[in-house]
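Here the structure comes first, spelled out in structure tokens, and everything after it is commentary.
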Amino acid sequence: MRQQTLVIVKPDGLKKSLTGNILSRLSETKLRIVGAKVVKVSRELAAEHYQHLKDKPFFEDVVKYICGELHGEEYRRVLALVYDGENAIEKVRKLAGATNPETADSTSIRGQYGRLTTAGLFENVLHCSANEEDAAREIKLWFEPAEIIEDLYPTTTIEMKITKMVWK
Ligand code: ADP
């Protein structure tokens, strides 16, 4: 079954210079990248992304974490990617490993590179969508249709008057 999944290299992954390692591990899946960009994550985007955790005691910390507020000013960014291909969701989840890096298989990405902070937060270096419904919601939240090189979901066109920044 052809699927898409959203992968985010989180601020700890970028700070630890793990981007190359993580992408190399993900290339084991033979999935194709159909979208990629560096994003400075706003609180609104983070809260929307983690809406399923809003009642958890660690919600505020998870929002701060993905916004890069725990890793210094120069790491207030993430790398967002969309992978496409056969059973993409399960393949990436399996490679990523369990949410808690302490219990994740030691050969998984989170097992290899993640850590449990002294404050009890799971710093697990990447996000990947959990199921098809989440994947569609997350991909539409993080990417606009034109930023993805395949037609994944139905689109519509709207007319709007815009002010846009362009190169001088
Ligand atoms: P996943 O990222 O594996 O899909 P969740 O969506 O449940 O898992 O959680 C989102 C993120 O919140 C996790 O990746 C992790 O960084 C953090 N997190 C989840 N559960 C906990 C927890 N019990 N304690 C601390 N941090 C957590």
Binned Cα-Cα distance frequencies in region 2-147 - 5 Å width, integer %: 2, 10, 20, 24, 24, 14, 5, 1, 0
Any lysines with Cα under 25 Å of the K164 Cα? List them, leaving off those in the same chain fewer than 8 positions away. K37, K40, K140
Once the dipole of the chain is set up from charges on Cβ (+1 Lys and Arg, -1 Asp and Glu), the residue from the list H127, F58, T19 lying farthest towards its positive end is T19
In this structure, the FRET efficiency calculated for I158 and E90 from their beta-carbon separation, with R0 = 30 Å, to the nearest 0.05, is 0.30
In the neighbourhood of G114 defined by beta carbon distances under 12 Å, the net charge of the other residues (Lys, Arg +1; Asp, Glu -1) is 0
The chain, accessible surface, carbon-and-sulfur percent (1.4 angstrom probe): 52 percent
Where a Cα-Cα gap under 14 Å defines reach, which aspartates and glutamates qualify for K16, not counting those fewer than 8 residues away within the same chain? E74, E123
With 30 Å as the limit, write out which pairs from K15/K161; K15/K168; K64/K91 have Cα-Cα distances beyond it, or answer none. K15/K161; K15/K168
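The values are calculated or read from the model by the stated rules, or taken from the named source; none is laboratory data. If you're wondering where the values come from, they're calculated on a predicted model, not measured in any experiment. Counting neighbours? That spans all protein chains shown, and the Cβs are built from the backbone with ideal geometry, glycine included. For the accessible areas, the whole protein counts, side chains as well, though only heavy atoms, and no ligand, DNA or RNA atoms are used. Shrake-Rupley method; radii C 1.70, N 1.55, O 1.52, S 1.80 Å.
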